[in-house]
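J.: I am attaching a structure below and will ask some questions about it afterwards.
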Ligand SMILES: Nc1ncnc2c1ncn2[C@@H]1O[C@H](COP(=O)(O)OP(=O)(O)O)[C@@H](O)[C@H]1O
Ligand SMILES: [Mg+2]
């Protein structure tokens, strides 16, 4: 299925990809080629790169949408499933933070298309867990919170509140960093 949305029930990511993740990867494909084939199916053009991270490259289209090209199927499945949850709950904002809206996805190209957002925003759900709270000890959580407070400075209170707000929707953010939770420009 292309450029359409399927439910996580049709393709549960965890069950589908248990086992050796590396063996599940397809041949590496060039990100821009994949973005261009996705865009071409809807008559869109790629007009620049919005950003990149450890799991993807994100391109801008001439329809002001963002095309996130993921490098592993498990990350694609996680990202897509969180966006499906957000769409189901009609969430485009959490507190003051904008959240991109899902526009489409492609299971073969490992692409998620979404709206472009401006700070403050929360994005990047490639490592997020749905309905799976992490079971860390209080010491580990305290160390994590101290490291994040150092990283985010004065904004940490606001960031921690938005992380908790996502948990209300069953979305557990694991990659909490300024590039993904952007408080201001
Ligand atoms: N929808 C979007 N709107 C605006 N900027 C975006 C959007 N998606 C991604 N970006 C930019 O691209 C960067 C990488 O995207 P991200 O989803 O974090 O990828 P990765 O999972 O590889 O870290 C982000 O930090 C942000 O700067
Ligand atoms: Mg990121």
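The values are calculated or read from the model by the stated rules, or taken from the named source; none is laboratory data. All values reported here derive from a predicted model rather than from experimental measurement. Cβ sites come from the backbone with ideal geometry, for glycine too, and all protein chains shown count toward neighbours.
J.: Just to be sure I understand, how many residues within the range 112-164 are away from ligand 2 (no atom under 16 Å from the Cβ) and under 13 Å from the mean Cα position of the chain (by Cα)?
T.: 3
J.: With the requirement that a residue be touching a strand residue (DSSP E or B) at 6+ places or on another chain (Cβ under 8 Å), part of a loop (DSSP other than H, G, I, E, B) and farther than 21 Å from residue 164 by Cβ, what does the range 88-109 give you?
T.: 101, 109
J.: For the condition within 26 Å of residue 31 (Cα to Cα) and at pLDDT 95 or above, what is the one hit in 130, 123?
T.: 123
J.: Continuing with this model, one more query. So residue 85 clears everything in (1) within 30 Å of residue 35 (Cβ to Cβ); (2) outside any helix (DSSP H, G or I); (3) touching a residue at least 24 places away in the same chain (Cβ under 8 Å) except one condition, right? Which one?
T.: All conditions pass for residue 85, except number (2).
J.: Could you check the range 165-185 and list, in sequence order, the residues that are within 16 Å of ligand 2 (Cβ to nearest atom) and surrounded by fewer than 17 Cβ atoms within 10 Å (Cβ to Cβ)?
T.: The answer is 174, 175, 177, 178, 179.
J.: Next up: So which residues in the range 160-185 are away from ligand 1 (no atom under 15 Å from the Cβ), in a loop (DSSP other than H, G, I, E, B) and either closer than 17 Å to residue 141 by Cα or out of contact with any strand residue (DSSP E or B) (no Cβ under 7 Å at 6 or more places or on another chain) (or both), if there are any at all?
T.: Residues satisfying the conditions are 168, 169.
J.: With the structure loaded, tell me whether residue 126 is touching a residue at least 12 places away in the same chain (Cβ under 8 Å) and loosely packed, with under 15 Cβ neighbours inside 10 Å or whether it fails that test.
T.: So residue 126 fails the test.
J.: Filter the range 135-165 down to the residues that are in contact with a helix residue (DSSP H, G or I) (Cβ under 9 Å, 6 or more places away or on another chain) and touching a residue at least 40 places away in the same chain (Cβ under 8 Å) and list them by number.
T.: Within the range 135-165, just 158 meets the criteria.
J.: Is the range 60-76 home to any residue that is buried (at least 19 other Cβ atoms within 10 Å of the Cβ), away from ligand 2 (no atom under 16 Å from the Cβ) and modelled with pLDDT of 95 or more?
T.: yes
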